[in-house]
Amino acid sequence: MVKFGIIGAGRMGNTHASYLGTFDGAKIAAVYDPKPEAAQAMHDKYGAEICAGPEEVAAAADCVVVSSPTYCHQDGIRAAIGAGKVLFCEKPLCRDFTLADEMLQLGRNYSKLFAIGFVRRHMFKTIKFKELLEQNFLGKLHFCNVDLPLGAYKRMPGDWFTDFDKSGGVIIDMLAHHVDLANWFFGPAARVYAQSDMLDPSQPLPADHVASVVTYKNGVICNYMCNWQRFGRSAERMEIYGEKGALVMDGGANLTYYPSGGEKKEIQVGPVKADGAGVEEVNVADGYGCQMLNLFQYMKGGKKVFPTVEDGYNSLMVGKAMIESARTGNVVQM
Ligand SMILES: NC(=O)c1ccc[n+]([C@@H]2O[C@H](COP(=O)([O-])OP(=O)(O)OC[C@H]3O[C@@H](n4cnc5c(N)ncnc54)[C@H](O)[C@@H]3O)[C@@H](O)[C@H]2O)c1
């Protein structure tokens, strides 16, 4: 029986538990949440022992899942590493940039898995996208466009997500995923320019927006648009232009290819059976399910397919540069 411990039983803690709790041979053994009703609900549903803090969870689990608010991640990380347990921490790595250096050092000196919850890396379409880029499918890469508007933002003042110092707004919270994908696809960033509301508290209701251009060391120029708005479109699109055509990944299950001088084509993706089987247990289009299935299989001796603390740190450093650029109006050299 693989014992999982959940630190932070809110939206993501419950999402992860909803998969882990269904795998044969997995158990939600322990939970900590300072909100007693949140911990109680996880106890009632999965039989998890209610703990008094992150250290107690780490002591009771084989694998610690940190899904507390971003500004609290470091407590769960320190507890899991202190107890020598496998660690899965939600993205972003943490909110405080000085603490990020400490988390990176902890992770680098740690012999066990310290995974970061970049869920998109577990989606079959993203894995296919990466494979195609590695096979030089697009030839030399030139340009990338990330379009990530959320028009249904409903968070109200008082919610930690609306406090820039706690969540980091769209730059650190939502865009972290696509910044990570760009790091994965293109390698390190060279220059960052951004303008952003950074959850400007003078707005009548919380909203956020970032427009950024990042140039990567491999020469790719990437345009990012991401917002939290109370009206307008909600969408997710990442498109990469190379010398042989353009490849697009959006909210659907498949990829779209626009060959240079040819007709648009859909590239079918999956269902793909993951190593060690079991994918039929979850909806294969659902990255969260695949992510937890991969974690469970890893705990049972499967292969490591996770973005690590370095990836979390590298994504955060691009976000940090976006904030610095938005605050100063300068281009930040990485
Ligand atoms: N990977 C993704 O797609 C994705 C999506 C949403 C959120 N997230 C990330 O997951 C994390 C949690 O987000 P959420 O939407 O579940 O937030 P949430 O507010 O719904 O849940 C957070 C829970 O943590 C509890 N909590 C508060 N302080 C705590 C502490 N010190 N220790 C432990 N628990 C504490 C809260 O009571 C709450 O139940 C954040 O870092 C967020 O950025 C990731």
Practice problem: Would you check if there is a residue in the stretch 129-145 being without any contact (Cβ under 8 Å) to a residue 40 or more places away in the chain, touching a Pro at 6+ places or on another chain (Cβ under 8 Å), farther than 21 Å from Gly13 by Cα and not basic (Lys, Arg)? | Solution: no
Quiz item: Would you pick out the residues in the stretch 146-172 that are more than 21 Å from the chain's Cα centre (by Cα) and in contact (Cβ under 8 Å) with a residue 40 or more places away in the chain?
Solution: Met156, Pro157
Quiz item: With respect to Gly10, is the statement that it is at positive phi and assigned by TED's automatic domain parsing to the domain that holds Leu295 true?
Solution: no
Self-check item: Residue satisfying condition, being within 12 Å of the ligand (Cβ to nearest atom), under 19 Å from Met292 (Cα atoms) and in a loop (DSSP other than H, G, I, E, B), within set Ala17, Ala9
Solution: Ala9
Self-check item: Options Ser212, Ser196, Ser202; residue that is at pLDDT 95 or above and surrounded by fewer than 17 Cβ atoms within 10 Å (Cβ to Cβ)
Solution: Ser202
Quiz item: Identify, please: which residue in the stretch 298-314 is touching a strand residue (DSSP E or B) at 6+ places or on another chain (Cβ under 8 Å) and not β-branched (Val, Ile, Thr) and is, among those, nearest to Met174 (Cα to Cα)?
Solution: Gly312
Practice problem: Would you be able to say whether some residue in the stretch 164-181 is buried (at least 22 other Cβ atoms within 10 Å of the Cβ), more than 10 Å from the ligand (Cβ to nearest atom), closer than 21 Å to Trp228 by Cβ and among the charged types (D, E, K, R)? | Solution: yes
Quiz prompt | Flag if Asn223 is modelled with pLDDT under 95, under 30 Å from Val269 (Cβ atoms) and more than 18 Å from the chain's Cα centre (by Cα) | solution = no
Quiz item: Looking at the stretch 290-308, which of its residues are assigned to a helix (DSSP H, G or I) and among the hydroxyl-bearing types (Ser, Thr, Tyr)?
Solution: Tyr298
Self-check item: Count - residues of the stretch 31-57 that are away from the ligand (no atom under 12 Å from the Cβ) and either under 24 Å from the mean Cα position of the chain (by Cα) or without any contact (Cβ under 8 Å) to a residue 24 or more places away in the chain (or both)
Solution: 5
Quiz item: Do the conditions hold for Gly84, that is, is it free of Cβ contacts under 8 Å to residues at least 40 places away in the same chain and on the phi > 0 side of the Ramachandran plot?
Solution: yes
Practice problem: Taking Arg95 as meeting all but one of (1) more than 9 Å from the ligand (Cβ to nearest atom); (2) under 26 Å from Asp165 (Cβ atoms); (3) charged (D, E, K, R), write down the number of the exception. | Solution: (1)
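The values are calculated or read from the model by the stated rules, or taken from the named source; none is laboratory data. Fair warning: this is a prediction, and the values are worked out from it, not measured in the lab. Cβ sites come from the backbone with ideal geometry, for glycine too, and all protein chains shown count toward neighbours.
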